[in-house]
Amino acid sequence: MSVPSFGPEPCLASADTHNALLYAKLTRRIVPFLFFAFVVAYIDRVNVSFAKLQMLSDLSLSETVYGAGAGIFFVGYFFFEVPSNLILNRVGARRWIARIMVTWALVSGLTMFVNGPTSFYVMRFLLGVAEAGFFPGILLYLSNWFPSTRRSQIIALFMTAIPVSGAIGGPLSGWLMAHFAGTYGLAGWRWLFLVEGIGSLAVGIAAFFVLHDRIDNVRWLNADEKSRLAADLARDAITRTETSARGAFASKRVWLLGLLYFCIAMGNYGLAFWVPTIIKASGVASLANIGWLSAVPSLISVVAMVLIARHADRHDERRVHVAVCCAIGALGLLASVLFASNVAVSIAALVVAAIGINSIAPVFWGIPTALLGGAGAAAGIAVINCTGNLAGFVSPFIVGRLSDLSGGKLLPGMLAIAVALLIGAAIVLRMPLKRASAASASAPNSSIPQRT
């Protein structure tokens, strides 16, 4: 007669507890610095959306010029993304991420000297070249420390830097532009680029001393913790498809994921580059008030990002999560401009848009990091990211151009972005995304899939 079990076996419960403590320690040691680095990176990437409020009139730039300049960042990003990530995979994250951050900080600070369309385009392009490889490099770095069953929520914690950067960057940018305007004869937007560039430079120097490339190199894990972490990562590696860098370029699945991420990024940058303009269009005139109000959607979406990613990990399901968030983001963006005459309703719609749009990427990135392994992971993740981030050029250019053509109206541009998000939802629902289970992948004839 078998004895019924009313709970987990003591050894299993102990193992689960030890693993929970191990990954809690990893999270505390690794994620906060990467989060802070991404905050300053994203502020430097999109602070042009605040500089725009003064810069366009100072330099007599049109909305089309602004949209092209904001987006040309991603042209440089596109061409240098894959080489940068392959170099990172070879030389290690510590040195390469520090190099990336120091370089982009210098370029961002020098943007204070732009004096017309050509110099604006050049500095934005160079900023993209400098930052290329940062985000996919961090994803690759995290995949070397956390197994796929925990990765979406870790990526979500890291990517909460995007809305937090909006929450910090908005009030900070508004204050810098208002407070320093005219100091030493310089416009507020010029001080904005200088001060925020100096902050990035400090974080970049710190990265060289804080990051570790290998488990064996860290002193804050004991021998047992290192052994258990290495075993977890080894089991996780079995479920990935080992490919070469060339194989990643030839993979239809990689390029389809890149197309999907392009649609997602259309929404990301539609939100990032135009929130201050949407709020201003609702009747808010003060730069400081625009800064504070732009922080509201960002702060609220932080909680949603983590909860949605945790739910996706718990159910080992990502396609439906991505599709639903795309739809929510599209509806929120459209409502924010349809009800632009009412500040409260427009802000509420931006909150909905931010919840949907900001929650997509952490769940999405759980898909390719679970599917790709070997040298192909570095190349594949970079291909997906740089292809998707071409939307960073297309999104602001389309919105700016449609705004000029429609006499300053934002609705046509937001409609284009909403359509892109809905196309992304359709793509992900039709994608056959399967990977082998760790238990079955080692069996020669096994075909048991896991969901992604």
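The values are calculated or read from the model by the stated rules, or taken from the named source; none is laboratory data. This one's a predicted model, so the numbers in the text were calculated from it and none came from an experiment. Heads up, the Cβs are rebuilt from the backbone with ideal geometry, glycines too, and the neighbour counts pull from every protein chain shown.
Some points to look at:
- Some residue of segment 181-191 being part of a helix (DSSP H, G or I), farther than 27 Å from residue 61 by Cα, in contact (Cβ under 8 Å) with a residue 12 or more places away in the chain and not acidic (Asp, Glu): no
- Of the residues examined, residue 130 is one that is buried (at least 19 other Cβ atoms within 10 Å of the Cβ), modelled with pLDDT of 80 or more, assigned to a helix (DSSP H, G or I) and in contact with a Phe, Trp or Tyr (Cβ under 6 Å, 6 or more places away or on another chain).
- Among the residues making up segment 222-250, those that are surrounded by 15 or more Cβ atoms within 10 Å (Cβ to Cβ), touching a Gly at 6+ places or on another chain (Cβ under 7 Å) and either among the hydroxyl-bearing types (Ser, Thr, Tyr) or modelled with pLDDT of 85 or more (or both) are 241, 243.
- Condition met for residue 159 (within 28 Å of residue 383 (Cα to Cα) and of a type in the set (A, V, I, L, M)): yes
- Residue pairs meeting the criteria (Cβ under 7 Å; at least 6 apart or on separate chains; first touching a residue at least 12 places away in the same chain (Cβ under 8 Å), in segment 253-267; second outside any helix (DSSP H, G or I)): 256/431; 257/367; 262/390; 265/389
- In segment 45-60, the residues that are over 22 Å from residue 100 (Cβ atoms) and among the polar types (S, T, N, Q) reach residues that are at pLDDT 80 or above and outside any helix (DSSP H, G or I) with C-beta atoms within less than 8 angstrom, at least six apart or across chains, in these pairs: 54/181; 54/187.
- Residues considered: 105, 41. Of these, the only one that is in contact with a Phe, Trp or Tyr (Cβ under 7 Å, 6 or more places away or on another chain) and crowded, with 17+ Cβ neighbours inside 10 Å is 41.
- Residues being surrounded by 19 or more Cβ atoms within 10 Å (Cβ to Cβ), in a loop (DSSP other than H, G, I, E, B) and charged (D, E, K, R) - total across segment 290-342: 1
- For first residues located in segment 355-376 and at pLDDT 85 or above, partners that are among the basic types (Lys, Arg) and lie 6+ apart or on another chain with Cβ distances below 6 Å form the pairs 363/318.
- Of the residues screened, residue 125 is not one that is out of contact with any Lys or Arg (no Cβ under 7 Å at 6 or more places or on another chain), under 24 Å from residue 103 (Cβ atoms) and either crowded, with 20+ Cβ neighbours inside 10 Å or at pLDDT below 85 (or both).
- A single member of 214, 190 is under 18 Å from residue 107 (Cβ atoms), under 27 Å from the mean Cα position of the chain (by Cα) and basic (Lys, Arg), and it is 190.
- For segment 430-440, the condition holds for at least one residue, the condition being that it is closer than 24 Å to residue 262 by Cβ, part of a helix (DSSP H, G or I) and either at pLDDT 85 or above or out of contact with any His (no Cβ under 6 Å at 6 or more places or on another chain) (or both).
- All of (1) closer than 25 Å to residue 149 by Cβ; (2) modelled with pLDDT of 85 or more hold for residue 332 with one exception: (1).
- Flag for residue 100 being crowded, with 21+ Cβ neighbours inside 10 Å, assigned to a helix (DSSP H, G or I), modelled with pLDDT of 90 or more and within 20 Å of the chain's Cα centre (by Cα): yes
- Selection count where residues are under 28 Å from residue 362 (Cα atoms) and not small (Gly, Ala, Ser), scope segment 171-195: 2
- Taken across segment 360-369, residues that are part of a helix (DSSP H, G or I), touching a Leu at 6+ places or on another chain (Cβ under 9 Å), surrounded by 23 or more Cβ atoms within 10 Å (Cβ to Cβ) and among the hydrophobic types (A, V, I, L, M, F, W, C) do occur, with at least one present.
Yes/no per residue for (1) at pLDDT below 85; (2) assigned to a loop (DSSP other than H, G, I, E, B); (3) hydrophobic (A, V, I, L, M, F, W, C):
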position	(1), (2), (3)
4	yes, yes, no
7	yes, yes, no
12	yes, no, yes
16	yes, no, no
33	no, no, yes
36	no, no, yes
55	no, no, yes
58	no, no, no
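- Scanning segment 400-410 for residues that are aliphatic (A, V, I, L, M) and buried (at least 17 other Cβ atoms within 10 Å of the Cβ) gives 402, 410.
- Residue within segment 37-45 that is more than 17 Å from the chain's Cα centre (by Cα) and among the hydrophobic types (A, V, I, L, M, F, W, C) present: no
- Any hit, segment 73-80, residues being more than 15 Å from residue 205 (Cα to Cα), touching a helix residue (DSSP H, G or I) at 6+ places or on another chain (Cβ under 9 Å), of a type in the set (Ser, Thr, Tyr) and surrounded by fewer than 23 Cβ atoms within 10 Å (Cβ to Cβ): no
- Matching entry among 198, 168, 205 (being at pLDDT below 85, of a type in the set (Val, Ile, Thr) and farther than 22 Å from residue 364 by Cβ): 168
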